[in-house]
Each structure stands twice: as C-alpha cells, then as structure tokens.
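Here is the structure we will look at.
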Amino acid sequence: MSKHDPVKLTRDVEATRIPSGEKLTLKAGLEVGITQSLGGTYTVVSNQGMARIEARDADALGLESAKDAADLPAAGEPLDGKQIEAKIWELLKTVYDPEIPVNIVDLGLVYDLSLEPKDDGTHKAQVKMTLTAPGCGMGPVLQNDAQNKILSIGGVSEAEVFLVWEPPWHQGMISEVGRMKLGLV
C-alpha cells in the first residue's frame, strides 16, 4: 500500500482534529488518506477533515505501530549532562507539526534548551518553543509530545516545555535542512 492510497479504519479511533486540536472519534469503516507518518504519528484526511492519529492506534489504519527512539528503554551507564542534552535535541527532531513534514527543531520552533542538575543525580530539562502561528490548536499536542519524549531519557526526571511568542517565528528561522525538505532552496 502506498501512503497515499485510501484505507478504511478497522475500528473506531480517537484522533486530534487539525488545526484546532480538539479530540474526535473517527468511526470504523471511514475511508482516510494518510498524508504524513512522521515522528510516530499519522496525519490523515477524510470527509471529516484533517486529523492526527497516535502511533498506539496504527492498527486502526491496518499498520504496525511505529517505533522511534523515544520508545527504546534506557540502557548502559547513566548519561551525563552533555549526553542528555544531545539526546534531547535528537528526540525533539522526532516531533513533527502534523501539517508540515519538518520536525520542530528544523522548523526553528525550539528557542532554548536548558538542563538543571538535581540533588538525586537526575536532571530537570526546560525547553522554550513556539509555533508557526499563535492561534494553532496543536500547540498543546506538540508541547506534550516534546515533554513525553524528553521524559523517556534516562537521567531526566522532570521536563517542562513552555510555549513562548517572543521572538515571533518567521520562515527565516527554518534550518537549511528544513528549507530543503520544504523545497524553499
């Protein structure tokens, strides 16, 4: 099956309407087209509009659940601060805006990352990010995705992801890699 071939949902599935961010149930038998499958989620279109389906519900699309780095258990020695920071950046590159096939780092949405060592040897991570449009209802969804992926890292016991609006995002913040993916170069 090509990613653009329509598929019928095999069961009812909870989804997130794009761009409002509201929850909805897509009913079994509904025909959808998969427009994007990045970062472990699926963006689908149907006669009900555009929606995002989580990886755990891939079976409703007739697919196996996608595995990404955030699903892997921590292994080996505890990570030091520099290793944790590198891992956070790596995992943030697996968070995608459901309407744009570029991750939030290459879109220029992540403004700051800081780590604070805690007394128990773990770290608290804080990320400041923005959205391409302030009214985007998917903001809390992307914020939650980023936080969950950061918390999956061994050595991180707390993660806060803040949505900020200064400086305002603009297309000039997109990385070279992002511009290439979007055909802007």
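The values are calculated or read from the model by the stated rules, or taken from the named source; none is laboratory data. Here the structure is a predicted model, which is why all the values come from computation and not from measurement. Quick reminder, even Gly has a Cβ in these numbers, built from the backbone with ideal geometry, and neighbours come from all protein chains shown. Please note that ligands, DNA and RNA were not included when accessible areas were found on the heavy atoms of the full protein model with its side chains. Shrake-Rupley method; radii C 1.70, N 1.55, O 1.52, S 1.80 Å.
Could you tell me which numbered condition Pro140 fails, if it satisfies all but one of (1) over 24 Å from Arg17 (Cα atoms); (2) open to solvent by 60 Å² or more (accessible area, probe 1.4 Å); (3) out of contact with any Phe, Trp or Tyr (no Cβ under 9 Å at 6 or more places or on another chain)?
Going through the list (1) over 24 Å from Arg17 (Cα atoms); (2) open to solvent by 60 Å² or more (accessible area, probe 1.4 Å); (3) out of contact with any Phe, Trp or Tyr (no Cβ under 9 Å at 6 or more places or on another chain), Pro140 breaks only (1).
Just for region 1-49: of the residues that are charged (D, E, K, R) and either part of a strand (DSSP E or B) or under 26 Å from Gly135 (Cβ atoms) (or both), which one is least open to solvent (accessible area, probe 1.4 Å)?
Here is the first cut: in region 1-49, the residues charged (D, E, K, R) are 3, 5, 8, 11-12, 14, 17, 22-23, 27, 31.
Subsequent filtering for residues that are either part of a strand (DSSP E or B) or under 26 Å from Gly135 (Cβ atoms) (or both) retains 8, 14, 17, 22-23, 31.
Details: Lys8: 128, Glu14: 103, Arg17: 67, Glu22: 95, Lys23: 123, Glu31: 103 Å².
Once the filter is applied, the top-ranked residue is Arg17.
Check region 107-119 and report whether any residue there is touching an Asp or Glu at 6+ places or on another chain (Cβ under 7 Å), over 14 Å from Leu92 (Cβ atoms) and crowded, with 19+ Cβ neighbours inside 10 Å. Can you show your working first?
Kept after step one, since they are touching an Asp or Glu at 6+ places or on another chain (Cβ under 7 Å), are these residues of region 107-119: 107, 113, 115.
Going one step further and asking which of them are over 14 Å from Leu92 (Cβ atoms), we end up with none.
Within region 107-119, not a single residue is touching an Asp or Glu at 6+ places or on another chain (Cβ under 7 Å), over 14 Å from Leu92 (Cβ atoms) and crowded, with 19+ Cβ neighbours inside 10 Å.
Just for region 152-168: of the residues that are under 18 Å from Asn103 (Cβ atoms) and modelled with pLDDT under 95, which one is nearest to the chain's Cα centre (by Cα)?
Ser152
Considering only residues that are open to solvent by less than 30 Å² (accessible area, probe 1.4 Å) and touching a strand residue (DSSP E or B) at 6+ places or on another chain (Cβ under 9 Å), look in region 156-175 and name the one that is farthest from Tyr111 (Cα to Cα). Please lay out each step first, then the result.
Looking only at region 156-175, we keep the residues that are open to solvent by less than 30 Å² (accessible area, probe 1.4 Å), and these are 156, 159, 161, 174.
With the extra rule that they be touching a strand residue (DSSP E or B) at 6+ places or on another chain (Cβ under 9 Å), the set shrinks to 156, 159, 161.
Details: Val156: 20, Ala159: 15, Val161: 11 Å.
Once the filter is applied, the top-ranked residue is Val156.
From the set of residues in region 104-143 that are part of a strand (DSSP E or B) and more than 20 Å from Gly178 (Cβ to Cβ), which is farthest from the chain's Cα centre (by Cα)?
The first filter runs over region 104-143 and keeps only residues part of a strand (DSSP E or B), leaving 110-117, 123-129.
Cutting the leftovers down to more than 20 Å from Gly178 (Cβ to Cβ) gives us 114-117, 123-126.
Details: Ser114: 19, Leu115: 21, Glu116: 23, Pro117: 26, His123: 22, Lys124: 20, Ala125: 17, Gln126: 17 Å.
My answer is Pro117.
What residue, of Ala146, Ala70, is under 26 Å from Ala51 (Cα atoms), modelled with pLDDT under 95 and either small (Gly, Ala, Ser) or part of a strand (DSSP E or B) (or both)?
Numbers: Ala146 fails: modelled with pLDDT under 95.
Exactly one of Ala146, Ala70 is under 26 Å from Ala51 (Cα atoms), modelled with pLDDT under 95 and either small (Gly, Ala, Ser) or part of a strand (DSSP E or B) (or both), namely Ala70.
Based on what the data block shows, is Asn148 open to solvent by less than 70 Å² (accessible area, probe 1.4 Å), closer than 20 Å to Ile18 by Cβ and touching a residue at least 60 places away in the same chain (Cβ under 8 Å)?
On the way: open to solvent by less than 70 Å² (accessible area, probe 1.4 Å): no; closer than 20 Å to Ile18 by Cβ: yes; touching a residue at least 60 places away in the same chain (Cβ under 8 Å): yes.
So Asn148 fails the test.
Quick check on region 176-185: of everything there that is more than 21 Å from Gly139 (Cβ to Cβ) and in contact (Cβ under 8 Å) with a residue 40 or more places away in the chain, which residue is surrounded by the most Cβ atoms within 10 Å (Cβ to Cβ)? Spell out the reasoning first.
At the first step, the residues of region 176-185 found to be more than 21 Å from Gly139 (Cβ to Cβ) are 176-177, 179-181, 183-185.
If we keep only those that are in contact (Cβ under 8 Å) with a residue 40 or more places away in the chain too, we end up with 177, 181.
Numbers: Val177: 14, Lys181: 17.
Going through the qualifying residues, I end up with Lys181.
Just name the residue that is modelled with the lowest pLDDT out of those in region 78-106 that are acidic (Asp, Glu) and either closer than 11 Å to Ala146 by Cβ or open to solvent by less than 40 Å² (accessible area, probe 1.4 Å) (or both).
Filtering region 78-106 down to residues acidic (Asp, Glu) leaves 80, 85, 90, 97, 99, 106.
Still in the list and also either closer than 11 Å to Ala146 by Cβ or open to solvent by less than 40 Å² (accessible area, probe 1.4 Å) (or both): 97, 106.
Working: Asp97: 88, Asp106: 97.
Per the stated criteria, the residue is Asp97.
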